[in-house]
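Novice: Once you've had a glance at the structure underneath, I'll fire off some questions.
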Amino acid sequence: MRITLMHNPKAGDAKQGRKQLMAALAKAGHHATYQSTKEPGFKKALKQPADLVLAAGGDGTIGKVAFHLIDSGIPLSVLPLGTAINLARALGFVASPEEIIARLEGGRKQVFDIGLATGPWGDRYFFEGAGGGLLADYVRAAKKEEKKNGKAEKLSKEQQMARHGALLRRMLHDYSVRQWKIEIDGKDISGRYILWEAMNIRSVGPALHLAPRAATRDGQFDFVCARAADRALLMEHFDARVAGKKSKSPLPTRRFRELRIVCKGSTIHLDDELWRDKKRNKKSSDEIKITVKPSALIVLHPAASIKT
């Protein structure tokens, strides 16, 4: 196959660098073109003829690449090199990069739903989930903490996940509930929430499993919310995450196709980015609409065994 390898060189380790990945692709019989996601030419490389685009990196890299493949007909595959890799897992990529490359030939294609958020800052696609309250504020706090600690600090994936879980726990301890005006598929569910999430996949943030029934090709998202009465249950869930234990989500979920929220100055996150960082359209209202864009992405999953 003709493969465009979109690689984040800062993800993974020395064993998963450009030289090793390109060698593995050549060994598997593919004709690959390399492009770093940190260098100029990113968009141009994605416009070149290819049978497959292979994103190597964390969820941020995957989302960055996938954005340019929406409705393109070109399939996406993933080499997971990040920390939380919520999106990579949801897409079905849990093996090592070497194993995935060896099984690309003969893989199966599946569609993947994505989200569309429309609001004061224009339109924006997302792949994992969107939300407000605790997890949105956590995104900002995590970025500040990372900047404060510096990139030179080397931690294992487990240590990084534990650190993020501990940060969430500290924030939840005295986090104030907020009044949100929310309408889900035409029904008013406004109230005071610690957090609310519109989830396309099962996990959000530091691998928090909040939507166990979420499916990525059913044309619907899962709405998850926590009120003041859920604080203790949510704390137990976070404690289990910090301890590295599996824990079922204590929060209720419901399927939906359209969600409307009035933000009024509150922070909203789309995947692992804050939406309010962009310039606002002064003529727009405070309302945000979240809808599902079904089957917008094609994903090539590795074959069950190596093709000989």
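The values are calculated or read from the model by the stated rules, or taken from the named source; none is laboratory data. On a predicted model such as this, the values are computed, not experimentally measured, just so you know. Cβ sites come from the backbone with ideal geometry, for glycine too, and all protein chains shown count toward neighbours.
Novice: Residues that are β-branched (V, I, T), in contact with a strand residue (DSSP E or B) (Cβ under 6 Å, 6 or more places away or on another chain) and touching a residue at least 12 places away in the same chain (Cβ under 8 Å): list the strands (runs of 3 or more DSSP E) wholly contained in region 1-93 that include at least 2 such residues.
Specialist: It comes to 2-7.
Novice: Against the definition (surrounded by fewer than 19 Cβ atoms within 10 Å (Cβ to Cβ) and within 30 Å of R227 (Cα to Cα)), how does A141 come out, yes or no?
Specialist: Working: surrounded by fewer than 19 Cβ atoms within 10 Å (Cβ to Cβ): yes; within 30 Å of R227 (Cα to Cα): yes.
So A141 fits the description; yes.
Novice: Would you check if G131 is surrounded by 13 or more Cβ atoms within 10 Å (Cβ to Cβ) and assigned by TED's automatic domain parsing to the domain that holds R241? Quick ask: steps written out before the conclusion?
Specialist: Numbers: surrounded by 13 or more Cβ atoms within 10 Å (Cβ to Cβ): yes; assigned by TED's automatic domain parsing to the domain that holds R241: yes.
Criteria met by G131.
Novice: Given the condition of a type in the set (D, E), closer than 19 Å to I298 by Cα and not assigned by TED's automatic domain parsing to the domain that holds A207, answer yes or no: does some residue in region 37-55 qualify? It would help to see each step written out before you state the result.
Specialist: At the first step, the residues of region 37-55 found to be of a type in the set (D, E) are 39, 51.
Filter once more, so that each one left must be closer than 19 Å to I298 by Cα: 51.
Filter again for not assigned by TED's automatic domain parsing to the domain that holds A207, leaving 51.
There is at least one residue in region 37-55 that is of a type in the set (D, E), closer than 19 Å to I298 by Cα and not assigned by TED's automatic domain parsing to the domain that holds A207.
Novice: Related question: Search region 56-77 for residues being crowded, with 19+ Cβ neighbours inside 10 Å and either outside the structural domain of V94 (by TED's automatic domain parsing) or touching a Phe, Trp or Tyr at 6+ places or on another chain (Cβ under 7 Å) (or both), and hand back the single one that is farthest from I3 (Cα to Cα).
Specialist: G63
Novice: Next question. Could you list all residues from region 99-121 that are of a type in the set (D, E) and surrounded by fewer than 16 Cβ atoms within 10 Å (Cβ to Cβ)?
Specialist: Going through region 99-121, the residues of a type in the set (D, E) turn out to be 99, 105, 113.
Correct list: E99, E105.
Novice: Now a separate question. Counting just the residues of region 101-128 that are assigned to a strand (DSSP E or B) and touching a helix residue (DSSP H, G or I) at 6+ places or on another chain (Cβ under 9 Å), which one comes out modelled with the lowest pLDDT?
Specialist: Within region 101-128, the first condition is being assigned to a strand (DSSP E or B), and the residues that meet it are 108-119, 122-126.
The next check asks that each one be touching a helix residue (DSSP H, G or I) at 6+ places or on another chain (Cβ under 9 Å); those that pass are 112, 114, 117, 119, 124-126.
Values: F112: 95, I114: 96, A117: 95, G119: 90, R124: 93, Y125: 95, F126: 95.
By that ranking, first place goes to G119.
Novice: Continuing with the same structure: What residue, among those in region 253-273 that are part of a loop (DSSP other than H, G, I, E, B) and modelled with pLDDT under 95, is surrounded by the fewest Cβ atoms within 10 Å (Cβ to Cβ)?
Specialist: Here is the first cut: in region 253-273, the ones part of a loop (DSSP other than H, G, I, E, B) are 257, 263-267, 271-272.
Next cut, modelled with pLDDT under 95 only: 263-267, 271-272.
Working: C263: 18, K264: 11, G265: 6, S266: 17, T267: 18, D271: 22, D272: 21.
Ranking the candidates gives G265 first.
Novice: Based on this model, can you work out whether S249 counts as of a type in the set (G, A, S), surrounded by 13 or more Cβ atoms within 10 Å (Cβ to Cβ), closer than 19 Å to W180 by Cβ and at pLDDT below 95? Steps first, please.
Specialist: Values: of a type in the set (G, A, S): yes; surrounded by 13 or more Cβ atoms within 10 Å (Cβ to Cβ): yes; closer than 19 Å to W180 by Cβ: no; at pLDDT below 95: yes.
Criteria not met by S249.
Novice: If you go through region 225-234 one residue at a time, do you hit one that is in a loop (DSSP other than H, G, I, E, B), modelled with pLDDT of 95 or more and surrounded by 14 or more Cβ atoms within 10 Å (Cβ to Cβ)?
Specialist: To start, the set of residues in region 225-234 that are in a loop (DSSP other than H, G, I, E, B) comprises 227.
Those left that are additionally modelled with pLDDT of 95 or more: 227.
Now restrict to residues that are surrounded by 14 or more Cβ atoms within 10 Å (Cβ to Cβ): 227.
Yes.
Novice: Assess whether A26 counts as being at negative phi, surrounded by fewer than 18 Cβ atoms within 10 Å (Cβ to Cβ) and at pLDDT 95 or above. Step through it out loud before you land on a result.
Specialist: Numbers: at negative phi: yes; surrounded by fewer than 18 Cβ atoms within 10 Å (Cβ to Cβ): yes; at pLDDT 95 or above: yes.
Considered against the rule, which asks whether it is at negative phi, surrounded by fewer than 18 Cβ atoms within 10 Å (Cβ to Cβ) and at pLDDT 95 or above, A26 comes out as yes.
Novice: State all residues of region 87-98 that are of a type in the set (A, V, I, L, M, F, W, C) and either touching a His at 6+ places or on another chain (Cβ under 9 Å) or surrounded by fewer than 19 Cβ atoms within 10 Å (Cβ to Cβ) (or both); if no residue qualifies, say none. Can you show your working first?
Specialist: First pass over region 87-98, keeping only residues of a type in the set (A, V, I, L, M, F, W, C): 87-88, 90-91, 93-95.
Correct list: L91, F93, V94, A95.
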